[in-house]
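Read through the structure below, which is laid out as structure tokens, and then see the notes.
The values are calculated or read from the model by the stated rules, or taken from the named source; none is laboratory data. Predicted, not measured: the structure shown is a model, and the values here were computed from it. Reconstructed Cβ throughout: ideal geometry from the backbone, glycine too, with neighbour counts over all protein chains shown.
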Amino acid sequence: MAAPKKFDTFAGVFTPTLLTILGVIMYLRLGWVVGNAGLLGAWLIIIVAFGITLCTALSMSSITTNIRIGAGGAYAIISQSLGLEVGGSLGIPRYISQGLAVTMYIFGFREGWLSIFPSHSPFIIDVVVFILLYAIAYKSADLAIKTQYFIMGIIILSLITIVFASYYGSMQIPTESAARWGTFRGSEENGFSGTSFWVVFAVFFPAATGIMAGANMSGELINPRQSIPKGTLWAIGVSFLIYMFIAYWIARSASEQELISNYNIIIERSFWPPAMIAGVLGATFSSALASIIGSSRILFAMGENKVLPKGGWLAYQDDLGQPRNAMIVTGILVFVTMLLRDLNAIAPLVTMFFLVTYAMLNVVVIIEQRLGLISFRPIFSVNRYIPWVGLIGSLFAMFIINPTVSLISWALMFAVYFILARADLETPFEDVRSGLFTSFSEWAAKHTAGLTHKQERSWKPNLLVPTTDASSVQGAFAIIKDIAYSKGSATLMGINHNEKEGIQLKNWLMEISESFKKTGVYSSSSLMKTKHFAQGVNFGNQALSSAFFKPNIIFLSLNEEKENIATYPQIIEEAEALEVGVILYAPHPKAQLGQEQNINVWIDDRKGEWDIENGTGNIDLSILIAYKLMQNWQATIRLITVANNESDTVKATTFLSDIVDLARMPITDLIVLHGQLEDLVQSSPKADINIFCLMDPMSVEYYQNMVQASKSTCLFVKDGGHENILA
């Protein structure tokens with residue numbers, strides 16, 4: 001297998017980029033721009049347009065010198081920075097727009113050809129040009145580059161004819177008269193009824209949108225990290241000087257009326273018009289060639305990353321390293337769009353997706369610079385204001401050119417993103433999103449740590465689940481998941497001092513943790529090496545107490561070993577000192593979680609304190625847990641309180657009503673019972689789970705008796721002090 005041909009800076013980047021920028025607008029619209037805006041206005045338009053392009057090129061240069069860029073140009077840059085979903089959401093519309101661009105360049109070539117041979121069939125011209133383009137591109141990128149050398153020679157010849165024209169006296173208008181601000185009279189199409197600076201800018205701006213032509217060849221460059229910045233910036237610099245010079249030359253070579261009424265004025269004022277016509281044909285042909293090669297490379301790169309169906313097929317390369325299947329699909333796309341015969345309605349999308357690409361490239365650099373990660377060490381550094389200028393300029397240009405199409409292009413991009421986000425793409429490289437989320441979390445942690453009050457309104461259940469036997473966690477999986485879902489978390493803490501058993505426990509907990517993540521509950525696992533269960537739990541709790549995302553509930557289970565259960569009072573005592581809530585899980589061996597339809601929340605006798613103004617007592621966490629279960633089970637909640645004194649019935653009922661009202665809880669079933677709690681449970685309304693307040697550590701026998709009496713699984717809950725149902 002022969003080694004794929006690789007290109008240097010001049011062949012792979014500078015040449016295609018320069019030829020794409022020096023396009024049809026330079027030959028057929030620059031004179032009209034000067035006629036409307038005047039030389040000063042035209043220069044300002046060129047400076048603003050190339051300024052936006054330059055800032056984006058500088059941003060692109062910065063990011064390409066910080067990563068090992070693969071095939072696909074801007075698609076590869078954005079994918080490696082913001083993920084395949086964002087890269088694909090940009091790459092797919094951009095690929096299609098590149099295909100449309102090829103067709104438009106073919107149509108532009110046809111118009112130039114018909115100006116010489118008006119009797120020729122337009123469709124035959126299109127087909128012949130397409131076949132020639134496709135044959136060159138399909139043969140190899142090397143042949144395409146060599147063809148572009150020939151085209152560059154034609155364009156240089158056309159520019160020389162301008163130099164000769166100026167030398168032999170075409171510039172008859174004095175500089176003082178030429179250096180004017182325009183009157184913006186409009187065009188023949190609108191009856192010279194007037195136009196504006198920004199409309200003229202919108203006509204010219206597509207001339208400056210060719211800077212990605214070289215970057216699209218990133219996968220076939222000898223040194224893309226060096227070639228893309230150097231070749232792109234040189235192409236921008238050279239083309240900028242050419243545009244500024246031609247604007248000056250034509251402003252002094254033709255009157256305002258000639259400039260605004262004759263699109264061919266630059267051709268006619270040149271020293272040898274046939275060379276200029278050849279330049280128009282060469283410019284359209286080279287732009288089409290660069291676009292068809294670049295678009296196939298984008299498709300190939302998306303195939304490599306499995307962004308599209310049949311990714312493996314699209315990523316096929318022949319012995320010369322050419323993406324044959326991607327070329328076939330691209331050829332079909334171009335030919336089908338040719339059959340439409342009129343792309344005027346779709347044409348603005350091409351420019352818009354160039355600008356969306358520019359905006360996203362600047363966003364990537366802004367994010368990297370703002371994160372300040374140590375991994376961002378570009379060889380080519382840019383001032384932090386440059387990507388902002390590029391981003392704002394790109395967005396500004398989009399909405400100046402066509403606000404409606406701008407919104408459509410962004411909408412299409414977001415639509416593709418949401419489709420790809422559901423596709424569960426496997427990213428083969430690390431992107432900047434992890435750093436972005438980490439930095440945001442750090443920012444949030446720093447600002448939240450500065451708040452002096454409790455964050456009761458932002459409370460969510462973050463469970464710490466200690467165990468010496470992962471099977472006990474497996475048995476409690478459903479209830480842990482239903483309490484934590486969807487915003488909470490479950491931290492699994494294995495406790496074992498034996499090396500071999502500890503590794504087994506750690507691996508099992510990691511598997512369970514992954515299962516929690518698949519259900520939408522964030523989970524992590526760790527191992528504490530100690531013989532003493534309570535000591536391991538308390539040390540872990542103490543270590544985590546200063547963390548930002550710290551557990552706020554300890555989940556203890558009666559399925560644990562008896563010697564572990566015996567140490568629960570020590571754990572509960574330390575949890576109270578650390579202001580951490582406690583849930584003691586007591587499963588019914590037969591009923592389990594039942595039908596998951598009814599939840600009883602028991603409120604102990606308040607000994608005459610039925611005024612809610614005096615506080616809710618140890619019931620906040622119980623009711624919040626019940627509310628989470630109600631949401632995830634689609635269940636109903638009963639609030640049951642016990643009043644030893646029958647004269648307190650009205651006060652107790654009012655107390656329950658106040659809780660429901662102030663806590664905004666969807667609870668309609670309020671019950672007041674009289675007697676001892678242990679006696680009332682057996683005759684109370686049946687539920688799938690009963691939740692009791694954990695006042696003081698009771699014996700295991702007590703918990704088991706409550707399970708048997710209620711004929712259901714029970715939770716015994718103790719507040720940590722940071723929960724508030726009235727928040």
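Could you check region 309-326 and list, in sequence order, the residues that are in contact with a helix residue (DSSP H, G or I) (Cβ under 8 Å, 6 or more places away or on another chain) and surrounded by fewer than 19 Cβ atoms within 10 Å (Cβ to Cβ)?
Within region 309-326, K310, G311, G312, W313, Y316, Q317, D318, G321, R324 qualify.
Please state which one of V537, V582 is in contact (Cβ under 8 Å) with a residue 40 or more places away in the chain, buried (at least 16 other Cβ atoms within 10 Å of the Cβ) and outside any helix (DSSP H, G or I).
Checking each option against the conditions leaves just V582.
From the set of residues in region 212-258 that are in contact with a strand residue (DSSP E or B) (Cβ under 8 Å, 6 or more places away or on another chain) and aliphatic (A, V, I, L, M), which is modelled with the lowest pLDDT?
M217
Starting from residues that are over 27 Å from Y703 (Cβ atoms) and of a type outside the set (S, T, N, Q), keep the ones in region 516-534 and report whichever is surrounded by the most Cβ atoms within 10 Å (Cβ to Cβ).
Ranking the qualifying residues of region 516-534, first place goes to L527.
What residue, among those in region 14-64 that are of a type in the set (S, T, N, Q) and more than 23 Å from G279 (Cα to Cα), is surrounded by the most Cβ atoms within 10 Å (Cβ to Cβ)?
T56
Suppose the filter is over 16 Å from E723 (Cβ atoms), crowded, with 21+ Cβ neighbours inside 10 Å and in contact with a strand residue (DSSP E or B) (Cβ under 7 Å, 6 or more places away or on another chain); does I640 pass it?
It is true that I640 is over 16 Å from E723 (Cβ atoms), crowded, with 21+ Cβ neighbours inside 10 Å and in contact with a strand residue (DSSP E or B) (Cβ under 7 Å, 6 or more places away or on another chain).
So which of L100, L90 ends up being aliphatic (A, V, I, L, M), surrounded by fewer than 24 Cβ atoms within 10 Å (Cβ to Cβ) and in contact (Cβ under 8 Å) with a residue 60 or more places away in the chain?
Result of the check over L100, L90: L100.
Mind checking whether some residue in region 659-678 is on the phi > 0 side of the Ramachandran plot, in contact (Cβ under 8 Å) with a residue 24 or more places away in the chain and not assigned by TED's automatic domain parsing to the domain that holds I572?
Scanning region 659-678 turns up at least one residue that is on the phi > 0 side of the Ramachandran plot, in contact (Cβ under 8 Å) with a residue 24 or more places away in the chain and not assigned by TED's automatic domain parsing to the domain that holds I572.
Within region 284-299, can one find any residue that is in the same structural domain as A76 (by TED's automatic domain parsing) and over 20 Å from A215 (Cβ atoms)?
yes
So if I check each of S79, S61, S97, which one is within 24 Å of the chain's Cα centre (by Cα), in the same structural domain as A141 (by TED's automatic domain parsing), closer than 30 Å to S121 by Cα and in a helix (DSSP H, G or I)?
Residue meeting the stated conditions: S97.
Yes or no: I155 at pLDDT below 90 and either touching a Gly at 6+ places or on another chain (Cβ under 9 Å) or not acidic (D, E) (or both)?
no
Against the definition (at pLDDT 90 or above and assigned by TED's automatic domain parsing to the domain that holds Y95), how does S261 come out, yes or no?
Here the answer is yes, as S261 does meet what is asked.
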